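Reading through the structure tokens given below for one structure.
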Amino acid sequence: MATPPSRLRSRPETLSVPPAILVTLYVNGEQRKLAVSPWTTLLDALRDRLQLTGTKKGCDHGQCGACTVLIEGRRVNSCLTLAVMKDGAKVTTIEGLAIDGSLHPLQQAFIDHDAFQCGYCTPGQICSAAGLIAEGKARTADEIRELMSGNICRCGAYSNIVPAIQQAMGAMGPNHDQF
Amino acid sequence: MINFEYARATDVADAIRQIAADPEAKFIAGGTNLIDLMKYDVERPLRLIDITHLPLKTVEETANGGVRIGALVPNSDLAYHPLIEKRYPLLSSAILAGASQQLRNMASTGGNLLQRTRCFYFYDVATPCNKREPGSGCSARDGINRINAILGTSEACIATHPSDMCVALAALEAKVHVAGPAGERTIAFADFHRLPGNTPEVDTNLKPNEIITAIELPAQGFAANYSYLKIRDRLSYAFALVSVAAALELEGNRITEARLALGGVAHKPWRNLEAELAMRGKPADAPAFAEAAAVLLRDAKGFAHNAFKIDLARRAIVRTLRQAANGTPQIQSSKKIR
């Protein structure tokens, strides 16, 4: 049953003509239509095509969480998501959290608690925390730490990130599903 | 990542047709492992067949008292599903021990079974690896092999299977439902993943033209006495050095049935029926647990950097069985090992 790995078979090195595919995304409440290559990640589509550069590219391999966005309210790694597979999806990025110029409770809490240093991981941390609060599974600091472990902060601001999330959780209440 | 074509499958029959028509194609569901591997050029499919629109997203009770889990149910939904939390808490716990919540939100049940090893050399295309390029050699045997296997290894490969979920599914004796051109068939969980032998490039007994449609759990869930203990180099979001799924049926303090499966130690979730039988009829106490560990690890063989895993596994087995017997399972958000 052994199948030789594809690299050993004769094949073109790559496809020469990139077939672009039209997709519609609902990003932060706005309908955005764009033609993407099959290999365009949601992260690259947001940053390079829609100029929403708040979402950050860190490791580009799902290990750091800097690219975290919400799809249909669930937090995901946009670097491991193909844009073409999310046709018709609602996407919320850090740019979509503030409402009418008022900071989202998580954004305010991160400022109040000085929950960042360089700030590169912060959009991912905040989107991830928004997902965490919507899930309603974290109550204690230990549970917050465990369920935020997909977001790495190389400055080590964790000790301020946890109270910031606790503050926002208190302000928003459990099972909060409005972003 | 090389360029590739994209196609969508509308139902299971369509997916099987499309994969049969193009041997260079791969199915994609959550994509958490496949896209990662494509970015490293370890996987180079010329076409991805998107199966996320297939109707395989439900968790249902079966006529014989078990539960049938659709292959596309996300890992997080499965871990938090009321039926799973209540009747198969071992499975919930194992899922929550793995990856991050973002990845669990994306990753599918079927895809979890099919994830590839995280052996450093499998990922590094500049080095020989028999799993990636058959016949090229194994770099791990004489390389940095701290994370590699201690049981069931071969000359060709000492990689481990990385899943936590699968360790619980092995202990629970799940069944894997698959479909292919020849129709549907069911594979016992113990027969799904394979040992490396001389063909480490083949991870499982799923045929290239088949698709996983569901995982079925039998009625027996071991909800009273179970634990999943995962030991790793950091306290969260890391693969297991050793993980243990333990499940017991007790009459008073006497063991009437025991299940024991290990992760991070072999090319497949490692179960040893002899070790389980050795506990049957004995008091649920340290001597029986130590004997089970001794039987399970009898043929364990370490390499330059991972021989510590043998003692680590021995202690983790005893600790996890004690947690199960006491009804005090490891809580994944608590980093204190009880």
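Since every read-out is calculated from the coordinates, none of them should be taken as a lab result. Since we're looking at a predicted model, the values are computed, not measured. Cβ atoms come from the backbone with ideal geometry, glycine included; neighbour counts cover every protein chain shown.
Only helical runs count toward this figure. For the protein assembly as shown, summing -39,500 (n - 2.57) over DSSP H runs of n ≥ 4 and dividing by all residues gives -7500 deg cm²/dmol at 222 nm.
By the Stokes-Einstein formula, at 0.692 mPa s and 37 °C, segment B:274-313 with its Kirkwood radius over alpha-carbon pairs has D equal to 299 µm²/s. Taking chain B as a Gaussian network of alpha-carbon nodes connected by springs under 10 Å, the highest mean-square fluctuation of the residues B:17, B:132, B:259 belongs to B:17.
Relative contact order, whole percent, for chain A stands at 22, derived from Cα pairs under 8 Å and 6 or more residues apart. A simple charge model with +1 on the Cβ of Lys and Arg, -1 on the Cβ of Asp and Glu and nothing else charged puts the dipole of the protein assembly as shown at about 860 debye relative to its Cα centre.
For segment B:184-270, what is the charge dipole size about the Cα centre, in debye to the nearest 20, if Lys and Arg each add +1 at the Cβ and Asp and Glu each add -1 at the Cβ?
Details: 9 positive and 10 negative charges, 62 e Å.
Magnitude of the dipole: close to 300 debye.
Positive end of the dipole of the protein assembly as shown (Cβ unit charges, origin at the Cα centre): among A:116, B:16, A:93, the Cα lying farthest that way belongs to A:116. Between residue B:144 and residue B:249, the contour length at 0.36 nm per residue exceeds the alpha carbon distance by 33.8 nm.
The residue list B:144, B:83, B:198 was ranked by how far each Cα lies along the charge dipole of chain B toward its positive end, using unit charges on Cβ atoms, and B:144 comes out on top. In straight-distance terms, cross-link reach from residue B:26 covers every one of the lysines whose alpha-carbon lies under 30 Å from its own, apart from those fewer than eight places away in the same chain; here that gives A:33, A:56, A:57, A:86, A:90, B:39, B:57, B:131, B:175, B:207, B:268.
May I ask for the net charge around residue B:32, where only other residues with Cβ less than 15 Å from the Cβ of residue B:32 are counted and Lys, Arg are +1 while Asp, Glu are -1?
+2
The charge dipole of segment A:83-179, taken about its Cα centre with unit charges on the Cβ of Lys, Arg, Asp and Glu (plus for the first two, minus for the last two), comes to roughly 160 debye. By the beta-carbon count within 10 Å of each Cβ, the least crowded to most crowded order of B:262, A:106, fewest first, is A:106, B:262. Volume per residue of the convex hull around the Cα atoms, evaluated for segment B:126-235, comes out as 143 Å³. When the alpha-carbon atoms of segment A:105-172 are used, the pair Rg, Dmax equals 10.4, 29 angstrom. Volume of the convex hull of segment A:35-143 (Cα atoms only), normalised per residue: 120 Å³. In plain terms, the bigger the Kirkwood radius, the slower the diffusion; for segment B:211-289, with that radius from Cα pairs, at 4 °C and 1.567 mPa s, Stokes-Einstein puts D at 91 µm²/s. Which listed residue (B:242, B:253, B:289) has the Cα farthest towards the positive end of the charge dipole for segment B:203-338, taking +1 on Lys and Arg C-beta and -1 on Asp and Glu C-beta about the Cα centre? My answer, from the dipole projection, is B:242. The Cα atoms of segment A:21-96 cover 29, 24, 20 Å along the three principal axes, with the biggest extent listed first.
Report, to one decimal in Å, the Kirkwood hydrodynamic radius for the protein assembly as shown based on all distinct Cα pairs.
23.7 Å
Segment B:297-338 and segment B:13-28 have their alpha-carbon centroids 41 Å apart.
Most tightly packed first, judged by the mean number of other beta-carbon atoms within 10 Å of their residues, the peptides B:290-297, B:317-324, A:20-27 read B:317-324, B:290-297, A:20-27.
Extending 7 Å from the Cα toward the beta-carbon at both residue B:311 and residue B:232 defines two label points whose distance is 2.4 nm.
The distance separating the Cα centre of segment B:38-106 from that of segment A:107-154 comes to 25 Å.
For segment B:226-326, the relative contact order works out to 29 percent when only alpha carbon pairs closer than 8 Å and six or more residues apart are counted. In segment A:21-96, Cα pairs under 8 Å separated by at least six residues give a relative contact order of 40 percent.
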